[in-house]
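A short worksheet on the structure shown next.
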Amino acid sequence: MLTKQEIQHNLDIVNKQIADACLKSGRSRDEVELIAVSKMNPAEAVIMASECGQLIFGENKVQELCGKQPEVAEATGKEIEWHLIGHLQTNKVKDVVGKVRLIHSVDSVHLAEAIDKESAKKAVISDILLEVNIAGEESKYGLKPDEVLAAVTEIAKLKNVRIKGLMTVAPISDNPVSNRIYFKNLKNLSVDIGSKNIDNISMDVLSMGMTQDFETAIEEGATYVRVGTGIFGARDYSK
Ligand SMILES: *Cc1c(COP(=O)(O)O)cnc(C)c1O
């Protein structure tokens with residue numbers, strides 16, 4: 001785990017890069033929010049980052065999110081905003097509804113229906129994004145681009161979920177700029193769906209870009225970037 005000074009230093013760099021990417025692309029800095037991806041880092045790392053002023057965090061597993069959330073809340077006393085960014089199984093829906101600002105990884109109508117049902121039960125409305133496998137990678141979760149409109153149309157009928165936009169996990173690449181085409185394609189898809197004026201949904205949110213390529217994603221319209229390694233350092237997969 002990094003020290004608080006190191007986390008502060010990394011946050012300063014990432015925030016500067018976000019500001020520069022906004023400037024370069026003629027966007028306002030407040031159009032882009034940074035999600036600090038704390039997966040595989042302990043609650044202490046989240047607490048330190050919150051002391052550095054970072055208050056939005058993302059986790060990719062429900063169990064890890066539910067473990068850290070109360071610990072962080074108790075230690076900081078701050079309003080921390082949590083996002084679920086990783087694959088969600090239907091049987092975990094009950095554990096996450098009501099606990100996060102946004103679920104980024106809805107990849108089927110079936111899953112949206114489960115979130116809707118649980119949200120109704122808890123009397124909440126859950127904001128969601130649809131995850132799109134924009135590069136058509138075999139190994140990735142997400143709807144195929146040509147399935148998204150039909151899914152949006154179905155999910156729009158549900159009362160307790162609100163589609164806010166789209167999310168993608170771009171391919172791992174040594175050359176971040178090579179993902180530009182995927183970010184452009186996701187943006188185009190979102191504009192296309194937005195233009196259909198479907199009731200009950202919006203396409204204002206685009207969650208795309210990670211440590212390797214978030215500046216390119218911002219240039220192509222990202223409103224949330226999800227940065228883990230760039231803030232908390234390399235994850236230790238040996239444990
Ligand atoms: C881990 C993860 C990230 C952050 O990845 P880094 O390369 O460490 O910035 C972003 N999005 C999702 C969905 C992730 O699982």
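The values are calculated or read from the model by the stated rules, or taken from the named source; none is laboratory data. On a predicted model such as this, the values are computed, not experimentally measured, just so you know. With ideal geometry, Cβ positions are generated from the backbone for all residues, glycine too; neighbour counts draw on all protein chains shown. What goes into the accessible areas is simple: the full protein's heavy atoms, side chains included, and nothing from ligands, DNA or RNA. Shrake-Rupley method; radii C 1.70, N 1.55, O 1.52, S 1.80 Å.
A compact table of results
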item: Fluctuation leader among Asp174, Asp127, Asp213 - the chain, Gaussian network, Cα springs under 10 angstrom; result: Asp174
item: GNM top mover of Glu74, Glu220, Glu154 - the chain, alpha-carbon springs below 10 Å; result: Glu74
item: Alpha carbon convex hull of the chain, volume per residue in cubic angstrom; result: 127 Å³
item: Tail fraction, Cα-Cα pairs, the range 33-129, threshold 24 Å, whole percent; result: 20 percent
item: Förster radius 25 Å - calculated FRET efficiency between Arg101 and His9, Cβ distance, rounded to 0.05; result: 0.40
item: Cα centroid of the range 122-163 to Cα centroid of the range 33-55, whole Å; result: 27 Å
item: For the chain, built as a Gaussian network whose Cα springs stay under 10 Å, the top-fluctuating residue of Thr90, Thr229, Thr211; result: Thr90
item: Ellipticity estimate at 222 nm from DSSP helix runs (n ≥ 4, -39,500 (n - 2.57)) divided over the chain, nearest 500; result: -12000 deg cm²/dmol
item: Calculated from backbone phi, Karplus (6.51, -1.76, 1.60) coupling profile of the range 168-176 in Hz, x at Gly/Pro; result: 9, 10, 6, x, 6, 8, 6, 10, x
item: By accessible area with a 1.4 Å probe, ligands and nucleic acids excluded, highest first: order of Tyr237, Tyr224, Tyr182; result: Tyr237, Tyr182, Tyr224
item: Derived scalar couplings ³J(HN,Hα) [the range 182-197; Karplus, 6.51 cos²θ - 1.76 cosθ + 1.60; whole Hz; x for Gly, Pro]; result: 5, 5, 4, 5, 5, 4, 4, 4, 5, 5, 4, 5, x, 6, 7, 6
item: Simple Cβ-charge dipole of the range 160-239, Lys/Arg +1 and Asp/Glu -1, about Cα centre, in debye nearest 20; result: 240 debye
